[in-house]
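The values are calculated or read from the model by the stated rules, or taken from the named source; none is laboratory data. What you see is a predicted model, and the numbers here were worked out from it, not measured in a lab. Cβ placement follows ideal geometry from the backbone for every residue including glycine, while neighbour counts extend to all protein chains displayed. Only protein heavy atoms, including side chains, enter the accessible area calculation; ligands, DNA and RNA are left aside. Shrake-Rupley method; radii C 1.70, N 1.55, O 1.52, S 1.80 Å.
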Amino acid sequence: MQDGSILERFPPWGVMVTTDLLLVAVAFAGTTAALLRWRALRQAGATPGVGLILAGLWCGVSLYIADLYLMVSRPAIEAAMPAMTALHLTYSWYFNGLSAVFILVGLVITVLQMVRQTGLVARQKVALEDSESVLRSVFENVPVGLLIKDENHIVERPNRTYTDWYGFDIDTMVGRRSDQIEDFQSPAEATVMNQQERHVLTTGNTLSRQVERTFADGQRRILNITKFPIRDPDGNIIKVGSVSVDLTEQVSAQRKLAESEARFRDFAEVASDWLWEMDADLRFSYFSRRTGEIIGFDPTSYLGRHRAEVAREDTDQEKWRRHMDDLENHRPFRDFEYRFRDSEGNLRSARISGKPLFTEDGRFAGYRGTGTDVTQERRAQRARDAALRAAEEANRAKSEFLAAMSHELRTPLNAILGFSDILANDYFGAPNAEKRREYSADIHASASHLLELVNDLLDISAIEAGRTALSLGPEQVAEIVADCVQTMAEVVRAKDIDLETRVPGDLPLIHADRRAIKQTLLNLLSNAVKFTDPGGRISVQAEAGAGIVRIQVSDTGIGIAPDRVNDIKAAFAGGAQSPFPGHPQAPYTEEKGWGLGLAISRSLVEMHGGAIALESRLGEGTTVTVDLPEYQAPAPTG
């Protein structure tokens, strides 16, 4: 009876099997679903609650799995029922209680996590909305044109900058292709743009191009337009974005910079100056291209070298010490002049100026400057100074000559007038025949001297004016020397001077004007006689040279001081009014005359294509050498 009553408490056997299987299937399905979504559950922080719920579920289902096991292992209901009754009466309360606890705790944890997640989602939504607002503000107000199109080239969204540029409102652009918007793009430009957009949609590559567009204000602007792909979360290209950057000011600045650089480069290439730069260590870092042409050597050898290393002068000079002090103390400098040698060894002069360079934070960055080749300027200055000195010397000589002329002309004229006045007026009574002859001789001597002075003056004036004509022909040197010696014989004897000649008779003929050469030799002999004391010696000798005949006139006279040799060879160097009173050479200027003899001789010899040289030692004598060209017979014709 007891077994029967127990059996009556259980549902039918088939119902129990079906119920147990259904509960097990529900547990498996729930567990499988949780495992499949485990990553999402973990990201949501729900795994502890779900895990407890699954544990409670399997804790309750395990009782029914045990039922199934008993029913399967004991097919006879009479055999299985006592074991099942014992199982349920003994363990069911514990399993069901534990299952309920796990499930309730899991549910509480899950609900709490869901509440927290809901708050987090709400905050994320607000943050997302804020982010979208910021992005929308940036999108609308960024100073570049932004445009989004779909895969059919339909405008979806332009930003405010884009619409302001072209003067369109959003409604005019959205929902249309660019070539459908009136007065926006030409058909050709729209075609190019569509081709680029198709390329971006197909390949995913970014494309850029530079175009000119007319804005709403009528100004032509230069834009750089970049097309880029827009992808969905799966990486598929669904739209095309466009970024337009206004490069007008930048391009204009670049063009102006390029023009400025070209202008600077042109100036640097045609300027007579060169340009240079040094770094912060005072090492040369740049030279303009024409530097080598201007200074005569390749300046690249200076690159990387310190200023002091390339100095070709003694840097211990005061000017170099000041220059290096300016450089080391970063001071500007102007017109520093120095000398150097070019690649051919020629000495040249340069003048440079420099300005220190500083960075924005005040650090010294080097020097930048210009250089000028002043070689010709310095040569011209030296030539000008020499010409000025020569002019001053000539002016001094002219003044001396005028002073000498007034003295030299008055002296014979006074003598002529005095003696003729005595003869004409018988101041001392009627002169006898001897006195008349004496007075007449004095008048004749004074007139002859005056004539000599006038002739010298006329000769030098004619030579300097270029009015002296030579009658050139073949001449015998020996004959000309013999005539001159004969002319000077009486004067030489009167002064007791030994005159010696050594002139071979077989000397080559000279190509000369006989009168001019004779005048030259007479001037030289006359000077030798004047400045040789009685008992002295004068020699005249001649010899043949390479295409020349050399004649030398030597004396043992007073000689000439070395510093007076050039003066003596110049015109107007003699006379009693020499500006060197008390000078050791004073005796040389005490003789009567204007000092034109040697100057006339030099000019006449040079007119023949010859040369004259003077060697002298003070107190020992003088030698004058005259070189005259040989006569060259004309070649026979016919």
Complete set of residues in the range 119-147 that are closer than 30 Å to P48 by Cα and open to solvent by less than 90 Å² (accessible area, probe 1.4 Å):
G119, L120, V121, A122, V126, A127
Can you tell me which residue among A391, A415 is modelled with pLDDT of 75 or more, part of a helix (DSSP H, G or I) and among the hydrophobic types (A, V, I, L, M, F, W, C)?
A391
Scanning the range 222-269 for residues that are of a type in the set (A, V, I, L, M, F, W, C) and over 36 Å from the mean Cα position of the chain (by Cα), the one surrounded by the fewest Cβ atoms within 10 Å (Cβ to Cβ) turns out to be I238
Give the range 270-279 a look and list any residue that's of a type in the set (G, A, S) and open to solvent by less than 50 Å² (accessible area, probe 1.4 Å), or say none.
A271
Considering A542, A516, A528, A489, which residue is assigned to a helix (DSSP H, G or I), touching a strand residue (DSSP E or B) at 6+ places or on another chain (Cβ under 7 Å) and small (G, A, S)?
A528
Please give the number of the condition S301 fails out of (1) in a helix (DSSP H, G or I); (2) polar (S, T, N, Q); (3) in contact with a strand residue (DSSP E or B) (Cβ under 6 Å, 6 or more places away or on another chain).
(3)
The condition of being under 24 Å from I109 (Cα atoms), open to solvent by 30 Å² or more (accessible area, probe 1.4 Å), aromatic (F, W, Y) and modelled with pLDDT under 85 holds, among F95, F28, only for F95
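Listed here are the residues, each with its yes/no results for (1) under 30 Å from G418 (Cβ atoms); (2) exposed (fewer than 11 other Cβ atoms within 10 Å of the Cβ); (3) modelled with pLDDT under 70.
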residue	(1), (2), (3)
H444	yes, no, no
H449	yes, no, yes
I463	no, no, yes
R467	no, yes, yes
G473	no, no, no
Q476	no, no, no
D483	no, no, no
Q486	no, yes, no
D496	no, yes, no
Assess whether L423 counts as being open to solvent by 50 Å² or more (accessible area, probe 1.4 Å) and modelled with pLDDT under 90.
no
Out of everything in the range 45-73 that is open to solvent by 50 Å² or more (accessible area, probe 1.4 Å) and among the β-branched types (V, I, T), what residue ends up being nearest to V24 (Cα to Cα)?
I65
Is it true that some residue in the range 44-53 is touching a residue at least 60 places away in the same chain (Cβ under 8 Å), aliphatic (A, V, I, L, M) and part of a loop (DSSP other than H, G, I, E, B)?
yes
Could you tell me which of the residues S343, S353, S288 is at pLDDT 90 or above and of a type in the set (S, T, N, Q)?
S353
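Can you confirm whether the range 208-221 contains a residue that is surrounded by 12 or more Cβ atoms within 10 Å (Cβ to Cβ) and part of a helix (DSSP H, G or I)?
Looking through the range 208-221, none of the residues is surrounded by 12 or more Cβ atoms within 10 Å (Cβ to Cβ) and part of a helix (DSSP H, G or I).
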I'd like to know if the range 186-196 contains one or more residues that are within 18 Å of I230 (Cα to Cα), in a helix (DSSP H, G or I) and open to solvent by 40 Å² or more (accessible area, probe 1.4 Å).
yes
